[in-house]
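These notes concern the structure reproduced below.
The values are calculated or read from the model by the stated rules, or taken from the named source; none is laboratory data. Note that this is a predicted model, so its numbers are computed, not measured. Positions of Cβ are backbone-derived with ideal geometry, glycine not excepted, and every protein chain shown enters the neighbour counts. For accessibility, only protein heavy atoms count, side chains too; no ligands or nucleic acids. Shrake-Rupley method; radii C 1.70, N 1.55, O 1.52, S 1.80 Å.
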Amino acid sequence: MTLKRFGVSLEDNILEDLDDFVKDNNFANRSQAIRFLVEKSVVEKKWMCDHIVTGVVIIIYDPEVKDIDAKISEIETANKENILSSMRYFPKEGCCLHVTSLIGKAHCLTELSDKLISIKGIRHGKLLMSRAD
């Protein structure tokens, strides 16, 4: 592996955001954070393809928020060809951990997870995928 150094110019507000990102994620320095973000972007771009993958969408929300469960069910029902299973756990009051196992083309699972994660009231969401073909 060859290490190459180069200068990068950033606006003050972006540099402040980068410093916050470094601090919030316990990176040793800005370079490590930038490397992480570039690698993450490359991986995400590779998933915008037609490879058959398996995956899991993990979402956290307050089960008392109106209609979240109904919206999740509606999206999962409309995409049942990609759903392997769907489970809910309640680790503490006011918190639901919803896990949906998936299979299908990578770009389809990415679109499906985006629909789930973007439901109003979702506190956190994440898609994890692994190639299956």
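Among the conditions (1) touching a helix residue (DSSP H, G or I) at 6+ places or on another chain (Cβ under 6 Å); (2) within 30 Å of Leu18 (Cα to Cα), the only one that Leu97 does not satisfy is (1). Could you check, for region 5-13, whether at least one of its residues is assigned to a helix (DSSP H, G or I), at pLDDT 85 or above and of a type in the set (Asp, Glu)? Yes, some residue in region 5-13 is assigned to a helix (DSSP H, G or I), at pLDDT 85 or above and of a type in the set (Asp, Glu).
When restricted to residues that are over 24 Å from Glu64 (Cβ atoms) and of a type in the set (Val, Ile, Thr), region 76-102 contains 1. Taking residues in region 68-82 that are farther than 21 Å from His124 by Cβ, and partners anywhere that are in a helix (DSSP H, G or I) and open to solvent by less than 90 Å² (accessible area, probe 1.4 Å), the pairs with Cβ atoms closer than 7 Å and at least 6 places apart or on different chains are Asn82/Cys108; Asn82/Leu109; Asn82/Leu112.
Inside region 25-133, counting only helices (runs of 4 or more DSSP H) that do not spill past its ends, which hold 1 or more residues that are at pLDDT 90 or above? Before you say what the answer is, go through the steps one by one.
Working: elements: 30-46, 68-78, 106-117.
Answer list for region 25-133: 68-78, 106-117.
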